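Contents: one structure, followed by commentary.
Computed from the coordinates by the stated procedures, all read-outs in this text should not be read as laboratory data. Being a predicted model, the structure only gives us computed values, none of them experimental. Using ideal geometry, Cβ is built from the backbone for each residue, glycine included, and neighbour counts are taken over all protein chains shown.
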Amino acid sequence: MVTKGLMAQTAGVTARLTAIAVSLALISCARDACAQTPSGSTPQATAVQSQPPAWSVGISAATYVLPDEENYVQPTVTADRDALHLEARYNYEDRHSVSGFVGWTFEKGTNVQLELTPMIGGVVGDSDGIVPALELTLSFRRLEFYSEGEYVIGVNGTSSFLYNWSELSIHATDWLRAGMVTQRTRTFGTPRDIQRGILAGVSVGKVEGAFYLFNPGSDDHYAVATVGLSF
C-alpha cells in the first residue's frame with residue numbers, strides 16, 4: 001500500500017510539472033511571436049529577423065451552452081515551431097482542471113494530406129493524471145476529417161477515462177464549411193456515451209469561428225460555439 005501511494009504521488013507530481021512547464025513555454029512562445037521589430041532596424045535587418053518566423057501561436061475558446069447545467073468556457077493555447085507542438089487547455093478533461101502537452105507533428109501526402117501529432121502531457125485540478133494524446137487531420141480536396149483523442153491515466157483518486165472529439169466537414173468555399181461532429185466527454189453529465197451533432201464554420205483571415213449543435217431534436221441537446229485566432 002505504501003508503494004502504491006508513493007507511485008500515485010509521484011505520478012501526480014509529474015502531471016503537475018508537465019502541465020506547468022508547457023503552460024510557461026506557451027506564454028514565452030506567445031510573447032516572442034508578438035514581439036515587434038525595433039523601430040531603428042534597417043530593412044535588411046528586418047528581413048533577416050522575420051525569416052523564418054520563430055513560432056506560430058493559436059488561441060481559441062469554446063463556449064458550452066448546456067440545458068440543465070451551468071455554461072462554461074474551454075480555452076486552448078497552442079504554439080508550433082517546425083514539428084514541435086505545445087498545447088495548454090483549461091476545462092477540457094474536467095471542470096477546473098488545467099492540462100499541458102508536448103508533441104511532434106508528422107505530415108505526409110500531397111493530394112491526400114495526413115497530419116499526425118502524438119503528444120504526452122498531464123492534467124491537474126478536479127482531475128489528475130498522465131495523458132497520452134493524438135491529434136489527426138486527414139484532408140482530400142474540400143473534404144476534411146479532424147480528430148483529437150486522449151486517454152487520461154488517473155492518479156490521486158481520479159478514474160481513468162477516454163476523451164474524443166471528431167468532426168467531418170466539407171468546405172463549400174475557402175471560408176465556409178459544414179459537416180458532422182461527435183464527442184465523448186465527462187466534463188458535464190449526459191445520458192449518452194457519445195454525443196453526435198452538426199456543425200457550421202467560417203474563417204476570415206486569421207480568425208475562425210464554428211457552431212456545433214449536439215443531439216439535435218432530443219431533450220439533452222446542447223450547443224458549442226468556438227472562436228479562434230492564429231498569428
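For this structure, a couple of remarks:
- Residue that is among the aliphatic types (A, V, I, L, M) and touching a residue at least 40 places away in the same chain (Cβ under 8 Å), where the choices are Val207, Val155: Val155
- For segment 101-130, a tally of residues being under 15 Å from Asn164 (Cβ atoms) and in contact (Cβ under 8 Å) with a residue 60 or more places away in the chain returns 0.
- Selection from segment 59-83 of residues that are acidic (Asp, Glu) and either touching a Cys at 6+ places or on another chain (Cβ under 6 Å) or assigned to a strand (DSSP E or B) (or both): Asp80
- Enumeration of residues in segment 106-134 that are of a type in the set (A, V, I, L, M, F, W, C) and surrounded by 17 or more Cβ atoms within 10 Å (Cβ to Cβ): Met119, Val123, Val124, Ile130, Val131, Ala133
- Hits in segment 146-171 - residues which are under 14 Å from Ile194 (Cα atoms) and aromatic (Phe, Trp, Tyr): Phe161, Tyr163, Trp165
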